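Inspection log for the structure reproduced underneath, given as structure tokens.
The values are calculated or read from the model by the stated rules, or taken from the named source; none is laboratory data. None of the values given here were measured: they were computed from a predicted structure. Because the Cβ atoms are built from the backbone with ideal geometry, glycine has one as well, and the counts that use them run over all protein chains shown.
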Amino acid sequence: VPALELSQLKKRYKNGVEALKGLDLKVEAGDFYALLGPNGAGKSTTIGIVSSLVTKTSGKVSIFGYDLETDTVNAKRQLGLVPQEFNFNPFETVLQIVANQAGYYGIPHKQALKKAEEYLRLLDLWDKRDSRARMLSGGMKRRLMIARALIHEPKLLILDEPTAGVDIELRRSMWEFLRKLNQQGVTIILTTHYLEEAEMLCRNIGIIQKGELIENTSMRRLLAKM
Ligand code: ADP
Ligand code: ADP
């Protein structure tokens, strides 16, 4: 089954803006996929709907075959989300933030702590485990968001503009981390408006414009055309 399948996804906001006009998109399991498009194209809306933060007007979302509407718990269980904005409690510690997220997925406390240690070590944050999140640098906060999103071992990780405002050194190490994660079998979808980032990382690419998918191809084919 595909990791993500969107069928005729439509979103009309209350102010009348039609952000998505019947979006069809399929991302295969194991893929590293970039959703590219200019500001206002509908990328955040798409991710918002997939992660249940935005309600769709109509259409269908399946995550590893689970319908998000009728099989919500199973669908959500497959998904890890790294939103663009930091949305953890800045007064909690790094370890609390990651372990609490595990609790949100019903992972028992002891196991949650073990998992949290594993991911904090992988993301080079273990030394910061007892620091309050607000004390971290921007790059550390970014990595904390990733550790939190992975704690329930999702099969699909979606990142919204993961390296926006990140300096080149950290950007490289994040790319390296994401590549390894993908090699371990995690399907990754990221949005970006940097073609260069998509080019560095992604196997396939979708270009969204004015709420519609105008291109869906392999990175190699896209580059050959340019
Ligand atoms: P992108 O992430 O590609 O920049 P968005 O999904 O944020 O695009 O926006 C798509 C369109 O929907 C834009 O025209 C934007 O102004 C509009 N939009 C986004 N969020 C809202 C909202 N909460 N209310 C009304 N319009 C919105
Ligand atoms: P519910 O609707 O079950 O109360 P929410 O959707 O409001 O849960 O999410 C609660 C918090 O967990 C929010 O801060 C949200 O950003 C975060 N969250 C939800 N789903 C995920 C996910 N798959 N990965 C990471 N964070 C998530």
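So how many residues does region 18-50 have that are of a type in the set (S, T, Y), closer than 29 Å to Q183 by Cβ and modelled with pLDDT of 95 or more? Number satisfying all stated conditions: 2.
Scanning region 58-99 for residues that are within 20 Å of I188 (Cα to Cα), away from ligand 2 (no atom under 13 Å from the Cβ) and among the polar types (S, T, N, Q) gives a single hit, S62. The single condition among (1) away from ligand 2 (no atom under 13 Å from the Cβ); (2) buried (at least 20 other Cβ atoms within 10 Å of the Cβ) that H109 does not meet is (2). If we scan region 123-130, do we find a residue that is more than 27 Å from Y66 (Cβ to Cβ) and either in contact (Cβ under 8 Å) with a residue 40 or more places away in the chain or of a type in the set (S, T, N, Q) (or both)? Taking every residue of region 123-130 in turn, at least one turns out to be more than 27 Å from Y66 (Cβ to Cβ) and either in contact (Cβ under 8 Å) with a residue 40 or more places away in the chain or of a type in the set (S, T, N, Q) (or both).
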